[in-house]
1. 222 nm [θ] for the chain, helices only, -39500 (n - 2.57) per DSSP H run of 4+, per residue, to 500?
2. With Kirkwood's inverse mean 1/r over C-alpha pairs for Rh, give me the Rg to Rh ratio of the chain, two decimals please.
3. Among all the lysines, which ones have a C-alpha under 23 Å from K302's C-alpha, if same-chain residues fewer than 8 places away are not counted?
4. If you roll a 1.4 Å probe over region 111-184 with all protein chains in place, what percent of the accessible area is carbon or sulfur?
5. Hey, can you rank 101-109, 255-263, 31-39 by average C-beta count inside 10 Å, highest first?
6. Rg and Dmax of region 302-435, Cα atoms, in Å?
7. Read phi for every residue in region 234-246 and hand back ³J(HN,Hα) as whole Hz from Karplus 6.51 cos²θ - 1.76 cosθ + 1.60, θ = phi - 60°, with x for Gly and Pro.
8. Tell me the relative contact order for region 123-177 as a rounded percent, counting alpha carbon contacts under 8 Å between residues six or more apart.
Amino acid sequence: MDTGFLKDLNSRQREAATATEGRIRVIAGAGTGKTKALTYRYAYLVNVLGIDPADILCLTFTNKAAAEMRQRIAAMVHSGDYNDFVCTIDGFCVKFLRQEIYRLGFPKSFGILDEEDAKAVAKQCMDQLGIKRTEKTVKHFLDGIAVDKALDDYIDTYMLPGRTLSDGMKKGNLACFAAAQLKNWALDFDDIENFTRYILDHFSDAREAWQQRLNYIMVDEAQDCNADNWDIIEKLAAGHGNLFVVGDPDQCIYEWRGARPSRFVEFASDKDIILDENYRSTPNILDVANSVIAHNTMRYPKDLFTRQAEGRAVIHFHGKTEQEEIGWVTDRIKELLAEGARPRDIAILYRSTYQSRAVEQALLKAQLKYTIWGGTRFFERKEIKDALGYLRLVNNPADDLAFNRVINEPSRKLGRAFLALLADIAGGGALYPALRDNLTVKGLDKPAAQEFVHLIEEAIAAKGEMRVSDLLDRLLDKSGLKRELREDQDEDRLENLDELIQSVRNYEKAYREDAFTLSDYLQDIALYTEPDLRKTDSAIKLMTIHQAKGLEFPYVFIIGLSEGIFPNMRTIREYKKHGEEEERRLMYVAMTRAERALFLTESEGFNVSTKMDKYPSRFLTEIRRNTFVTEGFIPDWLWKGTRNLMHVLDEETFTGGGATDRFAGERAVYQGDFQVGDAVVHEIFGEGVVVGTDREGTFQVRFSGGAVRHIRSSFLRLQDLPD
Ligand code: ATP
Ligand code: MG
């Protein structure tokens, strides 16, 4: 028995790795070697106890984390790399269902609906059921389906082949959605776990076989498991009873998706192991992280220590403008590279995907290679390509690529026959001018085509007189691109479009508005829109904080630390104090990714996405003053803005009313709860009155047509509040 490899662990980690029987919980802060202990435990089970890897289930939170863990394990175990069950919980459920779903009459090769597929099915059902998009958004429709699927009997009633529905039930939303799914043998994300639970509950032979098989179950990041995850884990572990869970309640960042950290805290364990030595970060970084997380009230206090040398001070940089902020980041990166750091040692983290735009442009300009971890480059995102397609077509009506990109974006139902006829008429010439000049020809004479031409012609006429940013804003509105995203409540994409407009405004400011033309803009951004397909091992990594979970990097930049951006205003409005604490945990996760140096940056200016002026994030006020260095001058009135926003939030949270009088005259105001009788506006449904509330953060609003709808507060604004 070669147990030599265990010497890499400290004594408590060793205890965790070798305590193989029973219910064991490791509860510990960031960077204390939880994941390391779990990986070594796997190797101990296989190399020392001789357990077959096929009998060990090792669950992690993201596909990337699972891939990384598989690699680490493969390097440690003798018996080859056959560790199929190192995966996410959904990954496991899919493997389980491939073997077991025949019991429900589904084929082994069932399909999986991703988010886009689910939206397409929802739209199809809404058309079929005669539900107008102005009455209900696609997102609301899908939210309703998810609520229906939370009911225990939905599988029996709707999802089994050969089921019979009463005439009344056939008209329901779920009936329609489920029928479309059954036609294609496709499960959605909710079904994947629900079907697994259903089979475990209803087929004792399947349950017992899997319980017998899975000798050992291990779960990393257990604080982010939701109730259904726990249910599946506990059911599988009920056979052998060997369940090893690892987590840190301070790093729970998925409460908004139903994570239940209390289940981890209340886990009935036979043995608890607490780790408190951090091996990742310098004392300076740990101090800063500890001082921020200490502001959460809903937590179990714990402190970490490290034996590492002090290292560099954490730096907070304040820029007068976003350009200055990002310019500072690129300057620091160049310095680090000059000192010998490798690009892949550097990570830039942000709260929301749209924030990557400014950094990407700066890095490209500085010719620094980067990759977006778990995401798409800003200028390659679909909605950005669509928006630029419109601008390109207006700039050059003979641009066929641009024409083809936008003619059916959003859908105008101008199908293949229409486009073939147009190509025929164009006879090798440019498509758009051919359409414009032949709108009365039979087959091209569709109202949607006329509207499209009208839109483009209007924009062409206006382009010399309007600012590029206004032209873009108008095209996004009038083309219906934004409306479609609003109907889908696709906030990420809407934020990206707002960010695009913001970036054009930045150009205009830099150039003097009247001297900046549409073709200047398109020429300038050509550099950013050419996909850089060369794969490189060594590139600076950009990612959202959610994607950074569990990872570590020598140098970490956290950008955009402004109130409203981080903490995210929507989260706070919707989830109040809980939202604020979840955002703070997110900040803790971000800061504790850093090994050697941590840089925190923010800037002044207006943010199109939050529609607010920017003030430094409250998290910056929570760091003990003596543990970090600030560069850049922050006038008092800026800190005052931060404090005011924090007070407004507290008032809203604890009194449940829009108590903003104290701050009359302040420009930045959080819109929080509404009260019955408040006159409100919704972007799609128009004006209405709040008539009640039933769930936290959701209000019943009667709109002018008389319909009462349930709307989340972030989609409403008081009628008399300025934009
Ligand atoms: P997180 O909470 O962020 O997921 P974690 O607790 O899972 O962190 P790990 O990622 O396992 O922590 O470990 C953090 C770093 O510390 C890694 O680089 C790891 O190799 C190192 N480390 C862990 N334990 C030890 C140890 N006993 N001796 C030396 N280095 C260690
Ligand atoms: Mg970990």
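1. The helix contribution divided over the chain gives -13500 deg cm²/dmol.
2. Using only Cα positions, Rg/Rh for the chain is 0.97.
3. Counting by Cα, and skipping residues close in sequence, K302 has these lysines nearby: K34, K36, K271, K549, K577.
4. Answer for region 111-184: carbon and sulfur cover 52 percent of the accessible area.
5. Sorting 101-109, 255-263, 31-39 by mean packing, highest first, produces 31-39, 255-263, 101-109.
6. When restricted to the Cα atoms of region 302-435, Rg and Dmax are 23.1, 76 Å.
7. Values per residue, Gly and Pro as x: 5, 5, 5, 7, 5, x, 7, x, 9, 10, 10, 10, 10 Hz.
8. For region 123-177, the relative contact order is 41 percent.
The values are calculated or read from the model by the stated rules, or taken from the named source; none is laboratory data. Since the structure is predicted, the reported quantities are computational estimates derived from the model, not experimental observations. A quick note on method: Cβ atoms are made from the backbone with ideal geometry, for glycine too, and the neighbour counts reach across all protein chains shown. The accessibility values were calculated without ligands, DNA or RNA, using every heavy atom of the protein model including side chains. Shrake-Rupley method; radii C 1.70, N 1.55, O 1.52, S 1.80 Å.
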